[in-house]
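Beneath this line is the structure, given in C-alpha cells, with notes to follow.
Computed from the coordinates by the stated procedures, all read-outs in this text should not be read as laboratory data. It should be emphasised that the depicted structure is a prediction, and the values quoted were computed from it without experimental measurement. Cβ atoms come from the backbone with ideal geometry, glycine included; neighbour counts cover every protein chain shown.
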Amino acid sequence: MDYLPVFLRLAGETAVVVGGGQVAARKVDWLLKTGARVTVLAPELGPQLALRAARGELTHLAQPFTPAPLAGAATVIAASDDPQVNAAVSRAARARRIPVNVVDSAELSSFIFPAIIDRSPIVVAVSSAGASPVLARRVRAQIEALLPARLGALARFLGARRAAVKRAVAPGARQRFWERLIHGRAAGEVLLGAEAAAAATFARELRTPGDDRGEVYLIGAGPGDPDLLTLRALQLLQQADVILYDRLVPEAILERARRDAERVFVGKETGDQGQQSRINELLVSYARAGRRVARLKGGDGYVFGRGGEEIEALARAGIPWRVVPGITAALGAAAAADIPLTHRRLAHSVTLVSGHAAAEDSLDWRALARPHQTVVFYMAVGQLPRIVARLRAAGAAGDLPAAIVERATLPTQRVLRAPLASLAALAAREQVAAPALLIVGEVTALALAAPALTPLPGDPLPGDCATIGAVA
Ligand code: SAH
C-alpha cells in the first residue's frame, strides 16, 4: 500500500490553493465543504473562483506565488498550469512540513486526492495511488451505484439516536440492536425519505426491541445477466436476510446478495403442483419469524412468474411486501438478439404468451396469426411443433419469420432464425433447451448487428454467442 487513507479535519484551518483556474476551483469546492478557510494565490481568477471571492467565501491574494502566505497553513494545493510554479509550491510546502498536493503529479505531492463519494457523513474515498485516476473514478461509479441516495440521511438519523439507544439498551445487546436497526423497517423508511414514519418506527423498536415484523421483497432478477438487475434489486438484496430463489436465477446474481444471507432454493420441477403452495407457506413463515425475505424470480415476477399468487398469500397473512420489477425475458432477448419487438413498418403490437397455455389450447390462434405484430412465447420449448401447427392452421404463412432465443443475455446465448415452417426442425436439430423464447413476426428477420463494440464487464467473449441461420 503506497498511501495511508485518512480523513483530514480542516474546519477552521487555513488551506492555501495556488492557481485560479477550473482545476483549482474543483479543489476549492471540496475544501469549502469541509469548512476550511481557503486562501487562493493567483494573479487572476477564473469565473467560478471570482464568484466565490466576490461572495466572500475565500480570500484572494492577487499575486504570483511566494512562500510567505503558506505560514500557518494546514494544507497546500498546487493547481496552477505552470509546472515550475507547482514545483516551487511543492518545495516550499515540504520545507515547512505542510501536507501538499500537486495536481497531476504524485512525485511532487505528499498526499493525493482520492475519487470521492460524498453521502456525508458517509464518505467513500477511492485511490489508485496515481496509477490510473480514470479507473479509480470508475470504481467510484460502481460503488456509488450500490449506495442508496439517502445513505447520508440514514447515518444522521442513526447518529442522532446514539444517546437514546445507550440509555435504553444494555451494553451487551447494543451491537445486535444496531445491526437489526440498520437492516430494519425504520432504516428502510429513512432511505425512502419517510423520516417522520421512521422516527415513530424507531421509537417503537426501542420500546420493544426484537419485535421486528418481517417483510417480503418480490424481486425481478432479470433474464440472467447480473448487470441487468435494477439498483433497487441490489439494495434490497443487500438488506434481505433470507433469499428464496428459482432455477432461473444464476449464481452470479446470488453473489450480489448479502454474504451472510440464508439461501433457499425453491426451483419448481415442472408438473410439481404442490411446490407453489409450499413456496407461499415458506414466505409467510419466514416473514412471521421477523426475517426480511427476498423472493428472487427470473425476469419479472409479474410476467409468468406467479408473483401474483405469492402476493395474494402475503396479503391474506397480513405480511408487508414490496415488488421490484425486473427485465422480463422478452425484453432481455429483444435487446440481446437485436430484435425490436415493435417497429413502425412491421409490428404494431407485441403479445406475450405462455407456452403452457398453448398446450391447454386456451389461446385465440386467429388473433395470434394476424400480420403486423410480434408474438413472444415463453416456456415454448416443449410445445414448438404444436405452436407452429396451430399458428399455420389459423392462417400464418409458412415463410413468416421467427426466431428462438435460448439463454438470452447469458454468455451461452444462442439465436436461431428460420421461417415458421422450418423452425421446429431447426430447433430439434440444434437441441434447443429451456430457457428459451419463441419470437414470431417479421421483426425477427431484420438483419441487425452492431459493428465491433466496446465490451462491458460481463459481456460474453467474441464467439461465445451463436446465431444460427435458417434451414430450407
Ligand atoms: N418471469 C419470467 C418468466 C418465467 S417463465 C420473465 O419475466 O422472464 C420461464 C420462461 O421464461 C422460460 O421457459 C423461458 O421461456 C423464459 N425465459 C426466462 N429467462 C430466459 C432467458 N434468459 N432466455 C430465454 N428465455 C428465458
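Can you tell me the order of 246-256, 222-232, 292-302 when each peptide is scored by its average per-residue count of other Cβ atoms within 10 angstrom, highest first?
Going from most to least packed, we get 292-302, 222-232, 246-256.
At what distance in nm do the modelled label points of D104 and A421 sit from each other, each positioned 7 Å from its Cα along Cα→Cβ?
Here the modelled spin labels are 6.7 nm apart.
Over the range 215-327, what is the percentage of antiparallel beta bridges among all DSSP beta bridges, to the nearest 5?
In the range 215-327, approximately 5 percent of DSSP beta bridges are antiparallel ones.
If you place +1 on the Cβ of every Lys and Arg and -1 on the Cβ of every Asp and Glu, how big does the dipole about the Cα centre of the chain come out, in debye to the nearest 20?
Dipole size: approximately 1500 debye.
What FRET efficiency comes out for A445 versus A54 if R0 is 60 angstrom and r is the Cβ-Cβ distance? Round to the nearest 0.05.
It comes to 0.40.
Which residue, S90, T412, G56, has the largest displacement toward the positive end of the dipole of the chain when charges sit on each Cβ (Lys, Arg +1; Asp, Glu -1)?
Result: G56.
Diagonalise the Cα gyration tensor of the range 73-129 and give the resulting equivalent ellipsoid semi-axes, square root of 5 times each eigenvalue, largest first, whole Å.
Over the Cα atoms of the range 73-129, the semi-axes work out to 24, 13, 9 Å.
Below 8 Å between Cα atoms, with a sequence gap of 6+, how large is the relative contact order for the chain in percent?
9 percent
Taking the Cα atoms of the range 401-447, what is the range of coordinates along each of the three principal axes, in descending order and whole Å?
Result for the range 401-447: principal-axis Cα extents of 25, 21, 14 Å.
Divide the volume of the convex hull of the Cα atoms of the range 112-177 by its number of residues and quote the answer in cubic angstrom per residue.
Convex hull volume per residue, Cα atoms: 115 Å³.
Starting from the Kirkwood radius over alpha-carbon pairs of the range 215-327, derive D by Stokes-Einstein at 25 °C in a medium of 0.890 mPa s and give it in µm² s⁻¹.
For the chosen part, D equals 180 µm²/s.
Sort all Cα-Cα distances of the range 1-117 into consecutive 5 angstrom bins from zero, then give the percent of pairs in each bin up to the one containing the longest distance.
Bin by bin from 0 Å, the calculated values are 2, 12, 25, 26, 21, 10, 3, 1, 0.
Which angle between 0 and 90 degrees, to the nearest 10, do you get for helix 307-317 versus the longest principal axis of the chain when only C-alpha atoms count?
Computed tilt is about 70 degrees.
Given H placed on each backbone N at 1.01 Å, which residues far from H60 in sequence or on other chains put an amide H within less than 5 Å of it?
Those lying under 5 Å, H to H, from H60 are V40.
How long is the gain from A155 to V123 if the chain were fully straight, where each residue apart is worth 0.36 nm and the alpha carbon distance is subtracted?
So the extension gain works out to 10.4 nm.
What length, rounded to one decimal in nm, is gained on full extension from S285 through to A87, with 0.36 nm per residue of separation minus their alpha-carbon distance?
Full-extension gain reported as 64.6 nm.
Using a 10 Å cut-off on Cβ atoms, rank the peptides 185-191, 147-153, 70-76 from the highest mean neighbour count down.
185-191, 70-76, 147-153
Can you work out the FRET efficiency for the pair Q175 and Q275, with r the C-beta to C-beta distance and R0 = 41 Å, to the nearest 0.05?
0.60
Work out the P(r) tail for the range 148-212: percent of alpha carbon pairs separated by more than 14 Å, whole number.
When all Cα pairs of the range 148-212 are counted, 52 percent exceed 14 Å.
What is the antiparallel percent of DSSP beta bridges lying wholly in the chain, to the nearest 5?
Antiparallel bridges: around 35 percent, rounded to the nearest 5.
Within the range 156-184, name every residue whose backbone N is under 17 Å away from a label modeled 7 Å from Cα of E262 along the Cβ vector.
180
Could you pull the Rg and Dmax for the range 45-95, using just the Cα atoms, both in Å?
Calculated on Cα positions, Rg and Dmax stand at 12.0, 33 Å.
Using only Cα atoms, figure out Rg for the chain and give it as a multiple of 2.2 N^0.38 Å.
Compared with the compact-globule rule of thumb, the chain sits at 1.31.
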